[in-house]
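Remarks on the structure that follows.
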Amino acid sequence: MWLQTTIFATTLIIALTVVPWYGFEVGYSWSILACAFVFLWANGLSITAGYHRLWSHNTYKAHPVLRVLFALFGAAALQNSILIWASGHRRHHRHVDDIEQDPYSAKRGLWFSHIGWMLREYDGNKEDFSNAKDLQRDPIVMWQHKHYLAIAICMNFIPPLLLGWALGDIIAGLLVIGVVRLVISHHTTFFINSLAHFWGKQPYTDENTARDNTILAFFTYGEGYHNYHHLFQNDYRNGVRWWHFDPTKWLIKASTWIGLTKDLNRIPNFKIHRAVLDMQFKRAEQKLAALNHSHEWLPQWRQSLDTEYQQFTQSMNEWNELRQQWYEQKRLKFSAATQELSDELHRKWERTSLHTRFQELEYSLKMQSKRINFLTLQLATA
Ligand SMILES: [Zn+2]
Ligand SMILES: [Zn+2]
């Protein structure tokens, strides 16, 4: 604990005093700043794509080369070993907001969830890895855990020294690539546990404090879509729309092209729409209940909401039916390898029509979501 506190305090003090002074007296070259920026991103993405989406949630599979890189640059971020981090993070998801069991519970305040949790006493013998048995079988995770201190020290001194020497200013290398990079890396990734549970919208669930926040996503390599993440933690994406700023998602996806990642797990769009609609119905109901009972439009609004809800249930049923049919066809496809070609063509046609119906259903949910949004808006101004 004292080691952590000392590192946090000294790096922060150096970043706020020595760094500006040196910049004023000597100055920093663009190449040093560029190296620091690249190193910062390597740290951040190792935590988000490696520690978080790969090891904590198993949302995809990664080649050993990538896993070693994540282990090295993740250690450079000084946020503990993968095993400790991922085990704690799994507890965070399981007991989110619980004051006792969530290691960075937002219910204990912004400061605690940001950095306070890192500064508390860690009793090495009492670490509970019962929720991380799979990680204990991963040789790269265990190697990093065993030699964490040595790896962390090497990764924090060797690259800044070497790069500083190569670029002709060792002190600038240590100050910017070493210290400033570490301080920024710490506080931006800590936002995921702190601000992402305080500031933003809750479009998918309000069962916990997690929020979706685009500004935060910008500083946390895409982890700002935290409300989505807490509901669908098995998705390799946090920002599910193509325009969402989620560089972690882009890295994982792009790595499939060169064979470094595979088996990326996605939640079906329909389930995502369903979660959004569930929340919209909930909010519309609350608004309706809060209205004055004698309001002249009340019966009409009540009526439209009920109709919408009926349609929603119908869509759900139809979707379940389609899923059933889809599984059935998949099964047939495997057992019918010897059947006639005309059969195959027929099934192909069926599959495409099934696909179209899935898409239609998805579209109808989207439209419904828009209508309910409009209704809620009317209710809000009533
Ligand atoms: Zn998570
Ligand atoms: Zn969280």
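The values are calculated or read from the model by the stated rules, or taken from the named source; none is laboratory data. The structure presented is a predicted model; accordingly, all values stated were derived computationally and were not measured. Cβ: placed from backbone, ideal geometry, glycine included. Neighbour counts: every protein chain shown. Surface accessibility is based on the protein's heavy atoms, side chains included, excluding ligands, DNA and RNA. Shrake-Rupley method; radii C 1.70, N 1.55, O 1.52, S 1.80 Å.
Each label was represented as a point 7 Å from its Cα along the Cα-to-Cβ direction; for residue 214 and residue 134 these points are 3.3 nm apart. Full extension of the chain between residue 296 and residue 234 yields a length gain of 17.7 nm, computed as 0.36 nm times the residue separation minus the alpha carbon distance. Other residues lying with their Cβ under 15 Å from the Cβ of residue 140 contribute a combined charge of +2, Lys and Arg counting +1, Asp and Glu -1. Across the range 7-104, the fraction of Cα-Cα pairs farther apart than 21 Å, rounded to a whole number, is 50%. Counting 0.36 nm for each residue step from residue 157 to residue 303 and taking away their Cα separation leaves a gain of 45.9 nm.
When every alpha-carbon pair in the range 46-94 is counted, what percent end up more than 13 Å apart? Considering the range 46-94, 50 percent of its Cα-Cα pairs are separated by more than 13 Å. Using every pair of distinct Cα positions in the range 2-259, the Kirkwood expression returns a hydrodynamic radius of 18.9 angstrom. Solvent exposure of the range 2-259, expressed per residue, is 47 Å² of accessible area, with all protein chains present and a 1.4 angstrom probe.
In the chain, excluding the sites themselves, the longest stretch lacking any of the trypsin sites (Lys or Arg not before Pro) that are in a DSSP loop with at most 15 other Cβ atoms within 10 Å is 1-119. The angle between the Cα long axis of helix 30-45 and the main principal axis of the chain comes to about 50°, on a 0 to 90 degree scale. Taking amide H atoms as placed 1.01 Å from N in the peptide plane, the amide H of residue 225 lies under 5 Å from those of 213, each 5 or more residues away in sequence or on another chain. Once the Cα atoms are used to define both axes, helix 181-190 deviates from the longest principal axis of the chain by about 30 degrees.
The phi-based Karplus calculation (6.51 cos²θ - 1.76 cosθ + 1.60; θ = phi - 60°) puts the 3J(HN,Hα) values of the range 223-237 at 7, x, 8, 7, 5, 4, 4, 6, 8, 10, 6, 8, 8, 6, 9 Hz, whole numbers, x for Gly and Pro. In a shell of Cβ-Cβ distance under 13 Å around residue 96, excluding residue 96 itself, what net charge do Lys and Arg (+1) and Asp and Glu (-1) give? Counting the neighbours of residue 96, the net charge comes to 0. Only Cα pairs within less than 10 Å get springs; with that Gaussian network setup on the chain, which residue of 296, 100, 207 has the largest fluctuation? Sorting by GNM fluctuation, first place goes to 296.
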